[in-house]
Amino acid sequence: MQMPLILAVIFGVTFILAWVVPGNPLERPEGQRPPVEVQQAMLRQYRLDSPWRFLGGYLEGVVWRGDFGPSLQDANQRVNDIIARGLPVSAALGVGALGFALLLGLLAGVVGALRPGSIWDGMSLGVALVGVSLPTFVTGAVLLAVGAGILKWFPIGPWEWPGWAVWERSWWQDCGQMMRHMVLPAVTLGAAPAAYIARLIRLGLAEVMGSDYIRTAVAKGLSPRQVLWRHALKVAFLPVLSFLAPAAAAAMTGSFVVEQVFGIPGLGERFVRAVQNKDQFLILGLVLVYSTMLIVFNLIVDVAYAWVDPRIEVD
Amino acid sequence: MRTIYIGVGLLVLALAGCDGRDPSAEQGKRQLRFVSSARHHTLDPQKMSWLHDIRVAECLFDPLVRMTADGQKVEPATAERWEISADGKTYTFYLRGDAYWSNGQAVTAGDYVFAWRRAMLADFASDYARLFFVIAGAEDFFGWRSGQLGEFAGAAGKLGPEQAAEKAKELYGQAVAQFARTVGVRAVNDKTLEVKLTKPTPYFLELVAFAPFAPLAAADLEDRMTFSPDSGMAQMPANWTEPGTLVSNGPYRLKGWRPDRDLEMAPNDRYYARTEMANDGIVEYFMVDNEQNALLRYQEGEVDWLPDLPTAKPIVADLVARNRPDGHLITAAGTYFYNFNCRPTFNDGRKNPLSDRRVRRALSLGIDRQTIVDKVTRLGSRQPIARSFIPPGMLAGYEPPVEEGAGFEPERARQLLAEAGYAGGAGLDGLAISYNTGAGHEVVAQQIAATWKKELGVAVKLEGMESKVFGDKVKKQDYAIARGSWFGDYRDPTTFLDKFAQGNGNNDAAYRNPEYDALLKQAEGEMDVAKRLEVLRGAEAIMLADQPIGPIYHYVRFELFDPAKVKGLTPNTWNHNRLEKVAVER
C-alpha cells in the first residue's frame, strides 16, 4: 500500500539532489567544447534549462509511456535500453552471489554452533572474519589473478550471456559458459554476505539450541538431524531472512567494484558513472528501479516470515 | 523497449534469454581484436569527438580523402581526384564511379552535402561544428539556424505538439534552402562536390579526411528524420546507428554492437577496395578503466592490440620500464599544462594577481617539470617536458619557439615576483590550483604546490573537484590556476593556437593580446606556406612570452601489439589508423 508513497518520496529526494548538486551535465573537463549555441540548444532539447520543464517532461514520459528518457553521456542510447541490458546481468550475478552466500554461510554457521570451540568452529569464524574484513576489490583481484590468471580454471572475460555466443552454440552451452564466467565474481560478491550469514546463524543457533522447546524435542526422541533442520534452524534463520531482503536488492542491482574488476556489463558501474556524469535521466531511472526492487524484496521477506514462523500473521 | 518497470527484475530476467543476435565471426579467419578503454559515446560521425569513436567511424565511413596509415599524407578515397583553384579557396572533388553504400545505393555528392550540413546545424550539437567554419557561409549559417531555433523555442509554448512539430519541419525546410543559398557546399552533379572556403586553408584536405566530414546515406535517412516539438530541432531516425540499420560506405559494415561489451565489424562487400583488405573483420571489446583485465586478456592471446593504455596510470610506467618488444611508445600531439586565469579580477570581484604576466611567468618558472616526469608520470626521459604549447617535431616546417617558454629557473622566478611587488610570495596567498580528482592530477598539483612553497614562498591551496564541476568552473573562468590539456586535431599550428584567440570558446585562460590575434589573422591571408608558418611561430612566441598557461609536459601514447603477428599497424603521433590494412597472424 505504501509502495507508491515511498517511491514518490525517494524520487522527489533524488530529483532535488540531482538538480542542486553543482556541475553541468553537458560539460567536460577537456577537449573541444561545442559552440555556445549548441550547448544551449542541447539544454533545451533535454529540458535541462528548467527543473519544472524537466520534471513535467520526465514524469509524462515515465508514467504514460514507460520511457525513462535518453542517456546524457551516451548519445543515441535510452535509459530503458541500458537498464534492460544491465539489469539481467546484475540480477543473475546477484542471485549467484546470494546462493553462494547462503550455502557457505549456513554451512559455516551450523558447524560453528554445533561444535563450539572445535577446530571447525575456529575455521568458520576465521572465514567469517576474512569475508567481512576483506574489501571486494582485494578478494576480486586475488581470485581473478589466481583462478583465471594462474590456474586458468575460469575465463578472464568478457562476460557471456545466453544468445551472446561468439561461436555457434546452443542456449544450454551458453548458460554453461555464463556459469563459468559467473563463479569468480559471484564468490567475490557473496563473500561478505556469507560471513554475515554465518555469524547470524551461529549466534541464533547457539541460543536456540539451549532453549526449552529444543530440549523437549530431544527428550521426545527426535533425531539430532530432525531437531536441527525442522525446529532449531527454522527459528535461527529468521534474522537471516530479514538480512536477505536488503542484501538481495544490493547484490542484484550490481556492485561497482566487482563489475569493474571482472569487466561485467552490469548496472553498478553504470550507476556510479551516472552520478559522476550528472546524467539525470540515468540516475533517476536507476534509483527508481533500485527502490522498487528493495521494496519488493522486503515485501517478499515479510510474507516469507509468516511462512517460516507461524506466530506471525500477515494482515 | 516500452516496458513499464514496476517490479521489473524477474520479468526482464525471464525475457533476457530471448536476445538471439548473431554476434561474432566464423572460426579460423583472421580478425583484428582489440580492447578500447571506454564504451562508445556515439557512432554518429558528425557528433563524435572521442578518439575511440572516431577510430570506428573511420572503419565504417569513407570520407572523400584519407590519411595514409602512417598519418603523413592525404590520399584519394571516395574522391578519386580533386582540383584546387588558384586562390586556394575552391575545392572540387570528383567521386569515383564504383563507390556504393552497404545497402547497394551509389554514394553521391549529395550524401556529403547532407552530412556536412548536419554538422553545421545547431540541431545536432556537433562537437566539431567549428571545423566546418572554414567553409564560406558556414559560421553565419550556424548562427542563423541557432537564432531560428531560439525563436521557435520562444513561440512553441503557444502551439500544440502536432502543430509545433509541423512548424519545426517547415523551419527545417527553410534552413535547408538557406544553406543552399549561403553556404559554399554544392553538389554540382551526383559525382562532383564543390566546396568554397572563406580563406585559403592549407590543412583543408586533412580536415576532409577527418570522421566528422564522413558522408551519410541521405536517401536512407533524410525522409525519416523527425522534429522535436520542444526545441524545433531535427532529429535522426531512432536507432539509425544500430547493426542492421546503419548504412556505411567504408571498408566495414556494423555487424554487432552490444554497447556494454563489444562491437563487431565485418568487411563491407560493397566497398570499392574490398579485395585489398587485409583482415576479415574487427572485434572491439570495451573494458572501461580496466587495463589490468585488458592486459590479462592480451597476454592470454585473446586480443591482438591494446591501443588505449592510459599513460597516466602506474601500470603503463611499469610496462614501459620493461622495454617489451611489443610495447610502442609514441609522442602524441598533446600538451599537459596549467591555465593561469588572465582576467583582471576574479569572478567574486577580487583583484587577480595573475593578470600580471610577470606573476604568471614566475609561477611557470617555478614548475619543476623534470621531477614531474621522473617521479609522478614516471616515464622520465620518454615523456618530453614542455616549454612550448605546440609539441616540437610534429608539424613539417614548424618548430615551436621553445626559447620563449619557461624552464625551471627558481632564481629568475623570485626576481620576477619581486618586480611585480610580490617579493617572497607575499600577497599571493589564497590562490588555488583547481583540478578534477580521480585522474592523477592531484599528485602533479601537490608536487607543483610544494615546489612553489619551497622555491618562491607562494602558498597555494589545492582544490580538487568532481570533473563536471571542474569543467563548468573552468568554462566560466571561475578559478585562479587550473590544470588543462589539449590535443591537436589536424596537422597545422592553428589547431593549437586558435585556442588562445579572443572569443574562442576554448580560451579557458581568458587570454587577450591584440598582437596575437592580429598575427593569427595575418596568417589566414598568407598564401606562402613557409611565411605563414613563420607568422604563426611569431604568434606562439608572443603567447609564450605572456604565459597564459604554464606548459608542463607533452603527452605520449602507449600501445601493445606484437609486430610479428599484427602487421600494418603504424602507431603515429596524430593517431591515424587504417585498420582495413592490418593483417593478423595467429
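The values are calculated or read from the model by the stated rules, or taken from the named source; none is laboratory data. Remember, predicted model here, so these are calculated numbers, not experimental data. FYI the Cβ positions are ideal-geometry reconstructions off the backbone, even for glycines, and counts take in every protein chain you see. These accessible areas exclude ligands, DNA and RNA; they are computed on the full protein's heavy atoms, side chains included. Shrake-Rupley method; radii C 1.70, N 1.55, O 1.52, S 1.80 Å.
Highest mean packing first, where packing is the average number of other Cβ atoms within 10 Å per residue, the peptides B:304-312, B:459-467 line up as B:304-312, B:459-467. At an R0 of 60 angstrom, the distance between the Cβ atoms of B:V176 and A:R225 translates into a FRET efficiency of 0.15. Taking Cβ atoms as reference points and 14 Å as the exclusive limit, the residues near B:V176 contribute a net charge of +2, counting Lys and Arg as +1 and Asp and Glu as -1.
Under the definition of partner shielding as Cβ atoms of other protein chains within 10 Å of a residue Cβ, what is the mean value for peptide A:41-49? Whole-number average of other-chain Cβ neighbours for A:41-49 is 5. Remark: chain B carries a charge dipole of roughly 800 debye about the Cα centre, counting +1 on each Lys and Arg Cβ and -1 on each Asp and Glu Cβ. A simple rule links phi to the HN-Hα coupling: the Karplus curve 6.51 cos²θ - 1.76 cosθ + 1.60 with θ = phi - 60°, which for the range B:578-586 gives 10, 5, 5, 9, 8, 9, 10, 10, 10 Hz, with x for Gly and Pro. Average accessible surface for the range B:469-568: 34 Å² per residue, computed with a 1.4 Å probe over protein heavy atoms with every protein chain in place.
State the percent of C-alpha pairs, over all pairs in chain A, separated by a distance greater than 36 angstrom. Let's see the in-between values first.
On the way: 16798 of 49455 pairs.
Everything past 36 Å amounts to 34 percent.
Using a 10 Å cut-off around each Cβ of peptide A:263-269, what is the average number of partner chain Cβ atoms that fall inside?
Values: counts 13, 2, 8, 1, 1, 0, 4.
What the average comes to for A:263-269 is 4.
Once backbone amide H atoms are built at 1.01 Å from N, B:V35 has B:Y285, B:W305 as its partners under 5 Å, excluding neighbours fewer than 5 places away on the same chain. Of the trypsin sites (Lys or Arg not before Pro) found in the range A:223-315, those in coil by DSSP whose Cβ has at most 11 other Cβ atoms within 10 Å are A:R311. Rounded to the nearest 100, the interface formed by chains B and A buries 6400 square angstrom of accessible surface, both chains summed, with a 1.4 Å probe. Taking Cβ atoms as reference points and 10 Å as the exclusive limit, the residues near B:M67 contribute a net charge of 0, counting Lys and Arg as +1 and Asp and Glu as -1. With the simple model of a label 7 Å out from the Cα in the direction of the Cβ, B:D562 to B:K158 spans 7.1 nm. Here B:K169 is the anchor, and the aspartates and glutamates within straight C-alpha reach of less than 19 Å, apart from those fewer than 8 places off in the same chain, are B:D123, B:E151, B:D220, B:E222, B:D223, B:D230. In this label model, A:K234 and A:L17 are separated by 4.1 nm, measuring between points 7 Å along each Cα→Cβ vector. The amide H of B:M465, built 1.01 Å from its N in the peptide plane, has B:Y435, B:N436, B:T437 as neighbours under 5 Å, considering only residues 5 or more places off or on other chains.
Kindly flag which residue pairs out of A:K278/B:K351; B:K196/B:K521; A:K278/B:K475 have an alpha-carbon separation exceeding 21 Å in this structure. It would help to have the intermediate numbers written out before the result.
On the way: A:K278/B:K351 33 Å; B:K196/B:K521 19 Å; A:K278/B:K475 17 Å.
Long pairs (Cα-Cα over 21 Å): A:K278/B:K351.
Amide H to amide H distances under 5 Å link B:Y555 with B:A332, B:G334, B:T335, B:Y336, where only residues 5 or more positions off or on other chains count and H is placed in the peptide plane. Considered as an equivalent ellipsoid built on the Cα gyration tensor, the range A:87-264 has semi-axes of 36, 17, 14 Å, the largest given first. The longest part of chain A holding none of the exposed loop GluC sites (Glu not before Pro), meaning those outside H, G, I, E and B in DSSP with at most 15 other Cβ atoms within 10 Å, is A:1-167. Derived from the Cα gyration tensor, the three semi-axes of the equivalent ellipsoid of the protein assembly as shown are 52, 34, 29 Å, largest first. Volume per residue for the range A:1-66 equals 110 cubic angstrom (convex hull of Cα atoms).
Taking 20 Å as the cut-off, the amide N atoms of the range A:257-288 that come nearer than this to a point 7 Å along the Cα-to-beta-carbon line of A:R180 belong to A:262-265. Estimated from the Cβ-Cβ distance and a Förster radius of 35 angstrom, the FRET efficiency linking B:Q415 and B:A530 is about 0.40.
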